[in-house]
1. Please work out which one of (1) touching a residue at least 24 places away in the same chain (Cβ under 8 Å); (2) open to solvent by 90 Å² or more (accessible area, probe 1.4 Å) is the condition Asp100 fails and give its number.
2. Quickly run through segment 264-287 and pick out the residues that are more than 25 Å from the chain's Cα centre (by Cα), surrounded by 16 or more Cβ atoms within 10 Å (Cβ to Cβ) and without any contact (Cβ under 8 Å) to a residue 40 or more places away in the chain.
3. Which one of the conditions (1) assigned to a helix (DSSP H, G or I); (2) aromatic (Phe, Trp, Tyr); (3) surrounded by 14 or more Cβ atoms within 10 Å (Cβ to Cβ); (4) modelled with pLDDT under 75 does Trp348 fail to meet, given that it meets all the rest?
4. Scan (1) farther than 17 Å from Ala267 by Cα; (2) open to solvent by less than 50 Å² (accessible area, probe 1.4 Å); (3) in contact (Cβ under 8 Å) with a residue 12 or more places away in the chain; (4) not polar (S, T, N, Q) for the single condition Leu124 breaks and write down its number.
5. Please specify each residue of segment 250-263 satisfying the condition of being buried (at least 19 other Cβ atoms within 10 Å of the Cβ) and without any contact (Cβ under 8 Å) to a residue 40 or more places away in the chain.
6. Given the criteria open to solvent by 30 Å² or more (accessible area, probe 1.4 Å), out of contact with any His (no Cβ under 9 Å at 6 or more places or on another chain) and on the phi > 0 side of the Ramachandran plot, does Ser234 qualify?
7. Do you know which residues across segment 130-175 are open to solvent by 90 Å² or more (accessible area, probe 1.4 Å) and either at pLDDT 80 or above or closer than 30 Å to Trp73 by Cβ (or both)?
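The values are calculated or read from the model by the stated rules, or taken from the named source; none is laboratory data. Computed from a predicted model, the values in this text were never measured in an experiment. Here the Cβ positions follow ideal geometry from the backbone for every residue, glycine too, while neighbour counts run over all protein chains shown. Note: accessible area is taken over every heavy atom of the protein model, side chains too, but ligands, DNA and RNA are not part of it. Shrake-Rupley method; radii C 1.70, N 1.55, O 1.52, S 1.80 Å.
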Amino acid sequence: MQQGNDTHSPNNNGFVLGDGARALIVAAAALIVIFGLRQAQGVIIPILMAGFLAIISYTVTGLLRKYCRFPHWLAVTATVAFDFVVLYAVASLIQFLAMDMKATLEGEFSQRFAELYNDTMAWLGNFGLEESARAIVTSPQDVVDVNKVLSITQSITGQIVALLSTCTLVLIVMTFFLGEAPLFLRNLRAMPAGAEWKDDLLHALEGIQKYLFIKTLSSVATGLLVWGMCEWLSVPFAFLWAVLAFVLNYIPTIGSIVAAIPGIAMALTMNGWGCAMLIAAGYLFINCAIGNGIEPLFLGRQFGIATSVVILSVIFWGWMWGPCGMLLAVPITVLIKLALENSEDLSWVAKIIDDAPDKKPRDAES
């Protein structure tokens, strides 16, 4: 008869494996998995993006089946065709705007920014700070190097062209995902009721679908508001900043901040401080109204994950798979949390990162 809690597990040879050794083995296995996922990103990212689009688009497929009485195959075909047209049109327009931006950056932008630099230094001279400021920032290129900006722009354009080349593969995989989604859900629901993880998985998938659908609607609203604001204030490349705000709105917290920087910088250089301050205030109002008002109203505390964990997951998956990893950080983290909750050895990790509201007994409420 064994007494107490034995924290060691003997193998077939009678060797006792301590908790420290088990932790090292788990850590080593995790590093191997991370390395493998990072090396296989060329294969994994198209599949994940197809799943990402399929989850968002499945709501549209369901609406076509419910209200338009489309058969499932026709609803899937219409959804995929619509996604292809939207993706190709937006990517082509961004590529065209990037080429137009190159001419603007090399010409009028560089001239205006040099004037802004000289005006700022002259203003600092009124307070006796010009020499100190010029010692720190000796030229306008120390603040904004147009050549580096052009290099980044060309890199983004190259990624867009690469996206167009893989778009067909992503849409093909997405078509299979959408086509077999009802079969997958039916088989999952048909599993024995005793499998507790089944209900958790169904709840997680429904939550991810709702999250991505609401996030898409809020991203569209953010992009339209940014577009209207920039057009109203005559900020160049208003549509480009709108698309950037739409895409980066999927990235929690960090994305909204990054999306605002190029638009504010363009407004400052081309239209002056007053316009830049209005643009900054507009970005702040839009992001606060949608991110802290509308989204929580429809989503609530959807997944019960601590905010710090969400931010860290964005950084980690961004390091793993770049921008696509940042876009998919929240859904991936939700599925990992679900797996941890159903693991006997690692369920404590899920409890640490959990941010679900406390459930108080009704008798205790007063």
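1. (2)
2. Ala267, Asn271, Ala276, listed by residue number.
3. (3)
4. Tallying (1) farther than 17 Å from Ala267 by Cα; (2) open to solvent by less than 50 Å² (accessible area, probe 1.4 Å); (3) in contact (Cβ under 8 Å) with a residue 12 or more places away in the chain; (4) not polar (S, T, N, Q), Leu124 fails exactly one: (3).
5. Ser256, Ala259, Ala260, Gly263 - these are the residues of segment 250-263 that are buried (at least 19 other Cβ atoms within 10 Å of the Cβ) and without any contact (Cβ under 8 Å) to a residue 40 or more places away in the chain.
6. Details: open to solvent by 30 Å² or more (accessible area, probe 1.4 Å): yes; out of contact with any His (no Cβ under 9 Å at 6 or more places or on another chain): yes; on the phi > 0 side of the Ramachandran plot: yes.
So Ser234 fits the description; yes.
7. Result: Leu163, Leu169.
For every residue, the table says whether it meets (1) at pLDDT below 80; (2) open to solvent by 40 Å² or more (accessible area, probe 1.4 Å); (3) not aromatic (Phe, Trp, Tyr).
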site	(1), (2), (3)
Ala54	no, no, yes
Arg65	no, yes, yes
Pro71	no, yes, yes
Thr77	no, yes, yes
Gln95	yes, yes, yes
Gly107	yes, no, yes
Arg112	no, yes, yes
Asp119	no, yes, yes
